[in-house]
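Participant: So that we are looking at the same thing, I have put the structure below in structure tokens.
The values are calculated or read from the model by the stated rules, or taken from the named source; none is laboratory data. Fair warning: this is a prediction, and the values are worked out from it, not measured in the lab. Every residue, glycine as well, gets a Cβ built from its backbone with ideal geometry; the counts of neighbours run over all protein chains shown.
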């Protein structure tokens, strides 16, 4: 059963629930919130029925498959808002993750340099600094902004952070989760103040606005050579968004710290895991924004090895594929595939990182090159077609169908030439109802394995039947390309779906 902390004070917010290992872990001087044990939360059926519950998991351990881990896992299954989430537990368990997500952001680097250079005299030779972040707040005022950014990315209640100076640049050395048992006793005042601020300010409803219904940010890169939407398409998104009473704004990489100002994020820049686009998606999701592409879709789509395993495991027809691991013998590949074979690095895009090997010597040369970047590559049987089908799927429904023709005298849609020149084949968009039923069925089956976002499914129609090549997050929406059939309606449908997602986030619609 849950109990009231702070006898006689009442709950400061009955929608919050603190989960601890033992009830005596929660001291009488702590804020008056509802408190229960991990065992009660995991087993009491009454919690299954509670809506709009905001759970703060303060278990003594978050290790994999511990009770603390299951607390976060089941909270998500019950649609409770939980910190930390299972994704956060996973992300912070790997140092490489926070190096990508936090240190990879130029704005965070600037904050670190400005804050630490103010307090650390370079002449003293100090190369490491520690601090604590409780719900994003630090015992040192000059760390407040950094603390909030780290908390926005990794929503752990209590964190010990260490910053280290390498080659004249301050970086995050470690982020270690704490519990109320392991936090320094002298910082209990910070825990109390930070928790009071968090429960008082987070998840408050925004005041009614007389302006646009929602504010939507579109992330783009004006210098990208092969953007997922050309300039004319971006203008159409802005124009049609305004007609739908949306506040529309184009943002760039430098605007990461402003993402919380918006209600939704639409990414129109080529995505990658080790890239700021993934950081934007994660930050937007952690702030409660509706976002396309969502982080899980980016994770699943950008890795071709994962996709091949997912599609094969779900009995979606794909070209014969072999996952080739460093140090495997080429003979083992040749037992399964005949030359020529297509060789792919897991995270390539726009035909980059995709090669054709006509024989063993070429495969050996290509694999040696690719193994410098990845321990695993994907080899697939080669099958030439004049064009690939591209089926755009939005919220598990077909949105558009295009034919992408191969570049002239080339086996791929895009041909990357010396000096950075890129040649692309032509395309033709047709009405969805005119596409072969087998193509649509295969596309929907594949896309639905990823999620309910916006995807582009590439398919080859061959003598062996319809084969899915890959599922792309962040598919092309170009003026004069994918919009030639639906015209403005294509943009309107995408934006209307983002509005629907925002409505769900805000509780106006059921998901």
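Participant: Of the residues that sit in the stretch 292-330 and are at pLDDT 90 or above and within 14 Å of residue 87 (Cβ to Cβ), which one is surrounded by the fewest Cβ atoms within 10 Å (Cβ to Cβ)?
Facilitator: Per the criteria, the residue is 296.
Participant: Give 160, 165 a once-over and let me know the one that is at pLDDT 85 or above and either closer than 26 Å to residue 282 by Cα or in a strand (DSSP E or B) (or both).
Facilitator: On the way: 165 fails: at pLDDT 85 or above.
Checking each option against the conditions leaves just 160.
Participant: Among residues belonging to the stretch 21-38 that are out of contact with any helix residue (DSSP H, G or I) (no Cβ under 7 Å at 6 or more places or on another chain) and within 17 Å of residue 80 (Cα to Cα), point out the one that is surrounded by the fewest Cβ atoms within 10 Å (Cβ to Cβ).
Facilitator: Top of the filtered list is 34.
Participant: Moving to a separate point now. Can you tell me which condition residue 461 does not meet? The list is (1) assigned to a loop (DSSP other than H, G, I, E, B); (2) surrounded by fewer than 23 Cβ atoms within 10 Å (Cβ to Cβ), and all the others hold.
Facilitator: Here residue 461 meets the rest and fails (1).
Participant: Given the criterion buried (at least 20 other Cβ atoms within 10 Å of the Cβ), over 26 Å from residue 447 (Cα atoms) and touching a strand residue (DSSP E or B) at 6+ places or on another chain (Cβ under 6 Å), identify the matching residue among 219, 265, 250, 246.
Facilitator: Numbers: 219 fails: over 26 Å from residue 447 (Cα atoms); 265 fails: over 26 Å from residue 447 (Cα atoms); 250 fails: buried (at least 20 other Cβ atoms within 10 Å of the Cβ).
None of the other options fit; the residue is 246.
Participant: Looking only at the stretch 353-398, count how many residues are part of a loop (DSSP other than H, G, I, E, B) and under 26 Å from the mean Cα position of the chain (by Cα).
Facilitator: The number of residues fulfilling the criteria is 8.
Participant: If you don't mind, there's one more thing I want to ask. If the requirement is being modelled with pLDDT of 95 or more and assigned to a loop (DSSP other than H, G, I, E, B), which of these qualifies: 224, 269? Quick ask: steps written out before the conclusion?
Facilitator: On the way: 224 fails: modelled with pLDDT of 95 or more.
Just a single option satisfies the conditions, and that option is 269.
Participant: Let me ask something additional. Please work out which residue is farthest from residue 307 (Cα to Cα), limiting yourself to the stretch 337-364 and to residues that are without any contact (Cβ under 8 Å) to a residue 24 or more places away in the chain and surrounded by 13 or more Cβ atoms within 10 Å (Cβ to Cβ). Lay out the reasoning, then the answer.
Facilitator: Filtering the stretch 337-364 for residues without any contact (Cβ under 8 Å) to a residue 24 or more places away in the chain gives 353, 355, 357-359, 361-362.
In the following step, the residues that additionally are surrounded by 13 or more Cβ atoms within 10 Å (Cβ to Cβ) were identified as 353, 355, 357, 362.
Working: 353: 16, 355: 18, 357: 21, 362: 25 Å.
Only one residue fits best here, namely 362.
Participant: Can you report the number of residues in the stretch 369-407 which are surrounded by fewer than 19 Cβ atoms within 10 Å (Cβ to Cβ), within 15 Å of residue 428 (Cα to Cα) and touching a helix residue (DSSP H, G or I) at 6+ places or on another chain (Cβ under 9 Å)?
Facilitator: Qualifying residue count, the stretch 369-407: 0.
Participant: Right, another one. Is there a residue in the stretch 318-328 that is in a helix (DSSP H, G or I) and closer than 17 Å to residue 381 by Cβ?
Facilitator: No, the conditions are met nowhere in the stretch 318-328.
Participant: While we're looking at this one, here's another question. Only residues in the stretch 148-166 that are in the same structural domain as residue 17 (by TED's automatic domain parsing) count as the first member; pair them with residues that are surrounded by 19 or more Cβ atoms within 10 Å (Cβ to Cβ) and in a strand (DSSP E or B), Cβ under 7 angstrom, at least 6 apart or cross-chain, and list the lot.
Facilitator: none
Per-residue answers, yes or no, for (1) at pLDDT below 95; (2) crowded, with 21+ Cβ neighbours inside 10 Å; (3) under 16 Å from residue 313 (Cα atoms); (4) out of contact with any strand residue (DSSP E or B) (no Cβ under 9 Å at 6 or more places or on another chain):
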position	(1), (2), (3), (4)
439	no, no, no, no
453	no, yes, no, no
474	yes, yes, no, no
477	no, yes, no, no
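Participant: OK, next. Inside the stretch 117-153, can you point out the residues that are in contact with a helix residue (DSSP H, G or I) (Cβ under 7 Å, 6 or more places away or on another chain), surrounded by fewer than 19 Cβ atoms within 10 Å (Cβ to Cβ) and modelled with pLDDT of 80 or more?
Facilitator: 131, 139
Participant: Moving to a separate point now. Among the residues of the stretch 429-447, is there at least one that is within 27 Å of the chain's Cα centre (by Cα) and under 30 Å from residue 249 (Cα atoms)?
Facilitator: Yes, the stretch 429-447 has at least one match.
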